[in-house]
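Everything on this sheet refers to the single structure shown next.
The values are calculated or read from the model by the stated rules, or taken from the named source; none is laboratory data. Worth saying up front: this structure is predicted, and the values here are computed from it rather than measured. A quick note on method: Cβ atoms are made from the backbone with ideal geometry, for glycine too, and the neighbour counts reach across all protein chains shown. Just so you know, the surface numbers come from the protein's heavy atoms only, side chains and all, with ligands and any DNA or RNA stripped out. Shrake-Rupley method; radii C 1.70, N 1.55, O 1.52, S 1.80 Å.
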Amino acid sequence: MNNCKVIAIANQKGGVGKTTTAANLGAGLVRQGKKVMIIDADPQGSLTLSLGVKNPDELDSTLANVMERIVEDKEFESGFAVLRTDEGIDLMPSNIELSGIEVRLVNEMSRERVLKTYVDTVRDKYDYILIDCMPSLGMMTFNALCSADSVIIPTTPEFLSAKGLEQLLGTINRVKRRINPDLKIDGILITMVDYRTRFGRGLESLIRQQYGKYPTVFNTVIPRSIRAVETTAEGKSIYLHDKNGKVAEAYANFTKEVMGDGKTRQRVKSSSELVR
């Protein structure tokens, strides 16, 4: 599978639906017949929990062990540490041990490329590899951005979340200039929208105006719903937890946008165009 696309799902702010998006995009792609791996690059292991692993800290092998072997130049089998979930996703799990690896990377040669070394060994087996980043701009996030072909940025229609986009976009541009010149921004995904509030609707509009100069803001908007929150505790995607709900429908539409690679999306106007 030479056309594998590696997507980092990143935002340095927590609570924006990043992990929920990674899990449900992965499940949505599998439902479309795609071979998918998701890499949990967050020591909190939230994605690992979301995909049905009850006790991530009890796992014998995780992403931390893989990266440690790469740093130490030790061999490992291609399927090492990979778990197959009930929904057909291949998961590279994570737990708290990844925090130690991140600290160790600071003093390593080519420290931004350790995860890429692993991704390059498995990308011919998949149509999509998704990397769920930790909510910071630390070494693991840099590794994810170095490994990826593109980035999806979930954000909520809240003032501080929207404000934080500036810093993240600046980081992505630095990675593009210095480390990964082919890195692209697939788009900004607006999540947890409550259309009952005027403030939420206004900030969604502001995000679409302010960041229209970047490749796109996805047409799909993920609505706020307690059902989406429940999926983490259930260890299931939204398709199994509430298959007929509005969040499942939204993520199904978002999956089609991602697969369309921009063909089903509309480029929004930049701020300068909107004020003409």
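Quick look at the numbers
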read-out: From the options I185, I152, I172, residue that is open to solvent by 10 Å² or more (accessible area, probe 1.4 Å) and over 20 Å from G45 (Cβ atoms); value: I185
read-out: Filter result for K54 (in contact with a Cys (Cβ under 9 Å, 6 or more places away or on another chain) and either open to solvent by 50 Å² or more (accessible area, probe 1.4 Å) or not hydroxyl-bearing (S, T, Y) (or both)); value: no
read-out: Options S110, S46, S99, S61; residue that is open to solvent by 10 Å² or more (accessible area, probe 1.4 Å), of a type in the set (G, A, S) and in contact with a Phe, Trp or Tyr (Cβ under 8 Å, 6 or more places away or on another chain); value: S61
read-out: Long-range neighbours under 6 Å by Cβ, at least six apart or interchain, first residue closer than 17 Å to K18 by Cβ and open to solvent by less than 60 Å² (accessible area, probe 1.4 Å) within the range 222-239, second in a helix (DSSP H, G or I) and among the basic types (K, R); value: P223/K246
read-out: Residue check, E77 over 20 Å from the mean Cα position of the chain (by Cα) and either within 24 Å of A252 (Cβ to Cβ) or in contact (Cβ under 8 Å) with a residue 12 or more places away in the chain (or both); value: no
read-out: Filter pass, K213 being over 19 Å from the mean Cα position of the chain (by Cα) and either buried (at least 17 other Cβ atoms within 10 Å of the Cβ) or at pLDDT below 90 (or both); value: yes
read-out: Given (1) assigned to a loop (DSSP other than H, G, I, E, B); (2) more than 18 Å from M134 (Cα to Cα), number of the condition G28 does not satisfy; value: (1)
read-out: Checking R104 against (1) in contact (Cβ under 8 Å) with a residue 40 or more places away in the chain; (2) at negative phi, the condition it does not meet; value: (1)
read-out: Failed item, numbered, when I131 is tested on (1) open to solvent by 40 Å² or more (accessible area, probe 1.4 Å); (2) of a type outside the set (G, A, S); (3) outside any helix (DSSP H, G or I); (4) in contact with a Ser or Thr (Cβ under 7 Å, 6 or more places away or on another chain); value: (1)
read-out: Meets criteria (in contact with a Phe, Trp or Tyr (Cβ under 7 Å, 6 or more places away or on another chain) and surrounded by fewer than 17 Cβ atoms within 10 Å (Cβ to Cβ)) for K35; value: yes
